[in-house]
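A quick write-up on the structure given underneath.
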Amino acid sequence: MKKTLTFRYTLQQMAYWAAAAGVMSFASAYLLAKGLPASQVGILLALGSLLSCAVQPFLADRADRFGGNMVKYLVVALSAVSAAFFALLLSGRLRGTLMGIVYLLGIFTFDAMMPLLNSISVSFNSLGRKINYGVGRGIGSLAYSLAALGLGRLMADFGEDWMIWAILAMLAANIIITLGYPSMGEVRTREKKNSECCSVGVFFSRYRWYCVSLLGVLLMGMFHAMTENYLIKIFDRLGGGSAEVGVALFVATFIEMFVLVFFEKIRKKIPDGTLLKIAGLSFLLKSVLFLVVKSVEGIYLVQLIQATSYSFLAPTQVYYADQKVLKADMVKGQAFITAAYSLGCACGNFTGGQLIEFAGVDAMLIAGIVIAALGTAVFFLTVGKKDKCLAGTHN
């Protein structure tokens, strides 16, 4: 019996999400501290996510067509390029918009890895090399929460550049861990395909209902990015700062970790479509409470809703894509759902920055309620639908 790869996958998730705490959640805090205005920060973060959205499906198409170890090599290459961009920020020669552009490129290459990490789990499971995605992702969330708590304090006490050093260390760890996986060369030959791998363009016509449902994922990503990346501004209006942001992120991701570790057991009781609906309703509740709560401690309590909002949305995306897309297009299915979320983050970053700059934090939070409500409606209308190409299959 072949050994499980859950431990290595868990280490990889820890490295990636610890880095993500800095790359994503403290991006606005870092850039604002370097003197960039909120509106410009929003545009830069949005462009970083948009670039990621554009490239993810094409990277996935290469992985689907070449199979095997291509996924591993792409993760290593993206980690190395992302690290190079973030290292440039430490040179001391970048100022203003140029610094923002380099950070944008770091986000772009970092974010592009996410569907590939999901595909590693799906691919090895198809070979009989067991990976418990929920455990890996859950411990990854714990790493994220601890990193967020530490980075918030580190930035408050010693300055923003220490966050960049932490990101570089985690990206280096990700490269080492990824190179340690066994060969994935068997994946393409062992899979029984239901059809030939389709092109990126054909994907939209082959999986129409699936693609419509991705609008709900996009809207949830938009709301999540608006509130998480501009959490510093939400705390500003309540008298808090970067240290409080770190505590809030720690609370959310710590509770998230427990849900994710037991997620496979939850899935045995609740269908994936229902989990997406619950996630939507939870995001909607969270959006309302963000607006009405008037204390730092109240925001900490709101973060507990992470247990059924993002904690359900993040892993269910992976399983939902695997169910709604044929095996021949598996990596593209993962890439499109991740790209939808990234596009939502791009829209959220841009919209959040513009609203804060020209209308204030309350206007952003009201917009968040509308966005969460629309995303929830999309889930209720689409997740139960099945595309014709899946008729008679047990994908």
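Worth pointing out:
- Compactness of segment 80-173, taken as the C-alpha radius of gyration over 2.2 N^0.38 Å, stands at 1.30.
- Surface accessible to a 1.4 Å probe, per residue, for the residues of segment 78-158, Å²: 34
- In order along segment 365-373, phi translates into HN-Hα couplings of 5, 5, 4, x, 5, 4, 5, 5, 5 Hz, rounded to whole numbers, per the Karplus curve 6.51 cos²θ - 1.76 cosθ + 1.60 with θ = phi - 60° and x for Gly and Pro.
- Under 14 Å, Cβ to Cβ, from residue 28 - net charge with Lys/Arg +1 and Asp/Glu -1: -2
- Spin-label model, residue 363 to residue 377: label points 7 Å out along the Cα-to-beta-carbon direction sit 2.3 nm apart.
- One decimal place: the segment residue 69-residue 169 gains 33.6 nm when fully extended, by the rule 0.36 nm per residue minus the C-alpha distance.
- Taking all protein chains as they are arranged and a probe of 1.4 Å, the heavy atoms of residue 297 leave approximately 120 Å² accessible to solvent.
- Gain upon complete extension [residue 212, residue 4; 0.36 nm per residue less C-alpha separation]: 71.3 nm
- Compactness of the chain as Cα Rg over 2.2 N^0.38 Å, two decimals: 0.93
- Residues whose amide H comes within less than 5 Å of that of residue 207, counting only those at least five positions distant or on another chain, are absent (H built at 1.01 Å from N in the peptide plane).
- Gyration tensor (Cα) of segment 273-372, equivalent ellipsoid semi-axes in angstrom: 29, 17, 9
- Heavy-atom accessible surface of the chain: percent carbon and sulfur, 1.4 Å: 68
- Label-point gap, in nm, between residue 93 and residue 161 - each point 7 angstrom along Cα→Cβ: 1.5
- Near residue 228: Cβ cut-off under 13 Å, other residues only, Lys/Arg at +1 and Asp/Glu at -1. The net charge is +1.
- Couplings 3J(HN,Hα) of segment 277-291, computed from phi: 5, 4, 4, x, 4, 5, 4, 5, 4, 4, 5, 5, 5, 4, 6 Hz, in residue order, whole Hz [Karplus 6.51 cos²θ - 1.76 cosθ + 1.60, θ = phi - 60°; x for Gly and Pro].
- Peptides 346-359, 112-125, 260-273, 31-44 ordered by average Cβ neighbours within 10 Å, highest first: 112-125, 346-359, 31-44, 260-273
- Across 72/386; 130/265; 233/286, pairs whose alpha-carbon gap is larger than 24 Å: 72/386
- Centre separation in Å (Cα based) which lies between segment 1-58 and segment 102-130: 12
- Between residue 307 and residue 33, full extension at 0.36 nm per residue minus the direct alpha carbon distance yields a gain of 95.6 nm.
- Per-residue ellipticity at 222 nm computed for the chain from its helices equals -25500 deg cm²/dmol, with DSSP H segments shorter than 4 residues left out and the rest contributing -39,500 (n - 2.57).
- Label-point separation in nm, residue 295 to residue 84, each point 7 Å along Cα→Cβ: 5.1
The values are calculated or read from the model by the stated rules, or taken from the named source; none is laboratory data. None of these values were measured; they are calculated from a predicted model. Cβ sites come from the backbone with ideal geometry, for glycine too, and all protein chains shown count toward neighbours. Ligands, DNA and RNA are excluded from the accessible area calculation, which covers all protein heavy atoms including side chains. Shrake-Rupley method; radii C 1.70, N 1.55, O 1.52, S 1.80 Å.
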